[in-house]
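All remarks here apply to the structure that follows.
Bear in mind these aren't lab numbers, they're just calculated from the coordinates by the rules spelled out. These numbers were taken from a predicted model, which means no experiment stands behind them. Methodologically, a virtual Cβ is constructed for each residue, glycine included, from the backbone with ideal geometry; neighbour enumeration extends over all protein chains shown.
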Amino acid sequence: DMKNAVIGNNKQKANLIVLGAVPRLLYLLQQETSSTELRTECAVVLGSLAMGTENNVKSLLDCHIIPALLQGLLSPDLKFIEACLRCLRTIFISPVTPEDLLYTDATVISHLMALLSRSRYTQEYICQIFSHCCKGPDHQTILFNHGAVQNIAHLLVSTSYKVRMQALKCFSVLAFENPQVSMTLVNVSVDGELLPQIFVRMLQRDKPIEMQLTSAKCLTSMCRAGAIRTDDSCIVLKTLPCLVRMCSKERLLEERVEGAETLAYLIETDVELQRIASNTDHLIVMLADYFKYPSSVSAITDIKRLDHDLKHAHELRQAAFKLYASLGANDEDIRKKIIETENMMDRIVNGLSESSIKVRLAAVRCLHSLSRSVQQLRTSFQDHAVWKPLMKVLQNAPNEILVVASSTLCNLLLEFSPSKEPILESGAIELLCSLTQSENLALRVNGIWALMNMAFQAEQKIKSDILRGLSTEQLFQLLSDSDVNVLMKTLGLLRNLLSTRPHIDHIMSTHGKQIMQAVTLILEGEHNIEVKEQTLCILANIADGTTAKELIMTNDDILQKIKYYMSHSNAKLQLAAMFCISNLIWNEEEGSQERQDKLRDMGIVDILHKLSQSSDPNLCDKAKTALQQYLA
């Protein structure tokens, strides 16, 4: 009677829960003395209650329903097992259920694997439980180690569509961003047919959309993991066109979102796939429809659908931005096509200030992708003053947005970009200096990278502002950062600050002591060739100053280091050290005679003679030029 009362009636479900039916049903379900028929009926009623609202599921979880149902799976009776599994399935697919509840007892997974062979219902429910509870690499590993691939593979050819579909979903979550699973799947065969071939068969146009999409996701994961080549015909001729089909406006909103996101992931790192996709079915124009909803004319007749689509339209926008970002990641012509799509720049600018964080992130990604184009930085980006909303996004955004937004800012600060001036005026230096203090490595790199771009061929005031904003302490902090990328960009910044004579002399007059300390620190540390080379180039710049030279000439420690690197085994370092020497001994400059004498006494001339015999033409030329300064 309870079962009949609650089926399809949420009000009745809530009433029964309030009246305390759940503990009583669970008690009967767990009683050894209850007949199997009674226990099965209890599981069915509980399953029906779980079908209601999220609050119902919470009430069931509070009564510890999961351990009771898992215990029930040990029964010999198949009908009872199926009822328990159906109820577990309903509870686990609810967003309020923590997935980890499936993994608390290690024996549960292996018992579920064993139950897979019992009936088509156990197969359907267990696969559905697995695909909903597999979140992230830890879960994937547990299921993989319990033989999920071998146990589920043969279900892909089951006579039941529901079983085939749930098995396919299992593989799509197992393989996602998981090279280990993907590499295994390639070599698994069912009835003499390899899994990739089975997936390709499930992609065909005559198959249900859900099946096409899910198998495309499996093949996409395998391709991204390197298990299938990007030029394999199953990717180029099957998976990619299938995903493009999913983006057409005939498809439902969810299908268009999933299609675009999967396609964005498939082509993200491969130029050739980006080109193929951009030329398939007018994809770039088709995506413009993602910004116009409701989804299709036919959907308007269904008011419920229309209401749903309006609530979820933001998902379409973020999917379109993501796919545009992937399409434009490498190819200049594709970027041009994207930007020429109707109102594209306005759409991105609007996207940057949407309330949904997902849309904001995707819009910034799209902008970042397009900002790799010199042409666009000079034109569209300028026309739409993109830097304004971008600077706004950079104020107190979460880290994942900050990383992409600051990368974009790096590109907007390149010297040929007209946005450079207004960005500076809007307080960028302060913002970027604060990024260099972030705990997050990517933000530190981007902060210092953007400052490096800003300092390139900049006027003296900007350079002074950067040094003031950074503070000497922070500069030292960055120079002793454990990440080599941060170190290289900081050296790049110093090198850009110390260019053109008046600037070199000015900066060295205010910060000379600290900069020389920093240089010494690095030349003495355990660093790679690139780092040392960059540091010697900074010294060469200092040696090019008029008054700054003296800071090197009066520092015997540094002179000895330059001498040491002239005879180093690496030619790059030898060359960089020679630049320092050339700048110090150059004839036309005041005091060159004294400097030449001091360096001769140190044995530099002997090394130059040796290097003028070098087999490396660059070294040989440089040494000869330097020796001529002595003869002149």
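A few points about this structure:
- Ordering of 447-459, 230-242, 326-338, 553-565 by packing [mean C-beta count within 10 Å, highest first]: 447-459, 326-338, 230-242, 553-565
- Cα-based shape type of the stretch 410-553, given that a ≥ b ≥ c are square roots of the gyration tensor eigenvalues and the cut on a/c is 1.5: oblate
- Taking 0.36 nm per residue of sequence separation and removing the Cα-Cα distance, the Thr379/Arg468 pair yields an extension gain of 28.8 nm.
- Added length on full extension, which subtracts the Cα-Cα distance from 0.36 nm per residue, Arg372 to Ile529: 53.7 nm
- Dipole magnitude for the stretch 101-192: about 280 debye, using +1 per Lys or Arg Cβ and -1 per Asp or Glu Cβ, origin at the Cα centre.
- Computed from the C-beta positions of Asp191 and Asp281 and an R0 of 51 Å, the FRET efficiency is 0.90 to the nearest 0.05.
- Neighbourhood charge, 15 Å Cβ-Cβ cut-off, centred on Thr53 and excluding it, Lys, Arg +1 and Asp, Glu -1: +1
- Lys, Arg +1 and Asp, Glu -1 on Cβ, resulting dipole of the chain about Cα centre, debye, nearest 20: 1440
- Furthest towards positive pole of dipole, Thr107, Val45, Cys84, structure part the stretch 1-138, Cβ charges: Val45
- Estimated FRET transfer efficiency when R0 is 41 angstrom, pair Glu342-Lys135 (beta carbons, to 0.05): 0.60
- Förster-model FRET efficiency, 45 Å R0, Asn618 and Glu354, C-beta, rounded to 0.05: 0.25
- Percentage relative contact order, the chain, counting C-alpha pairs under 8 Å, at least six apart: 5
- Between Leu521 and Ile142, the simple spin-label model (points 7 angstrom out along Cα→Cβ) gives 4.6 nm.
- Cα gyration tensor shape for the stretch 524-631, rounded if a/c is under 1.5, else prolate or oblate: oblate
- Leading residue at positive end of dipole, the chain (Cβ point charges), from Thr408, Val188, Ser59: Ser59
- In range of the label at Lys58: residues from the stretch 87-101 whose backbone nitrogen is under 16 Å from the point 7 Å along Cα→Cβ: 94-98
- The magnitude of the dipole of the stretch 524-631, with charges of +1 and -1 set on the Cβ of Lys/Arg and Asp/Glu and taken from the Cα centre, is near 320 debye.
- Taking 0.36 nm per residue of separation and subtracting the Cα-Cα distance, full extension of the segment from Lys610 to Glu268 would add 117.9 nm.
- Overall form of the chain per C-alpha gyration tensor (a/c, 1.5; a/b vs b/c): prolate
- For Asp309, neighbours were defined as the other residues whose beta-carbon sits under 13 Å from its Cβ, and their charges (Lys and Arg +1, Asp and Glu -1) total +2.
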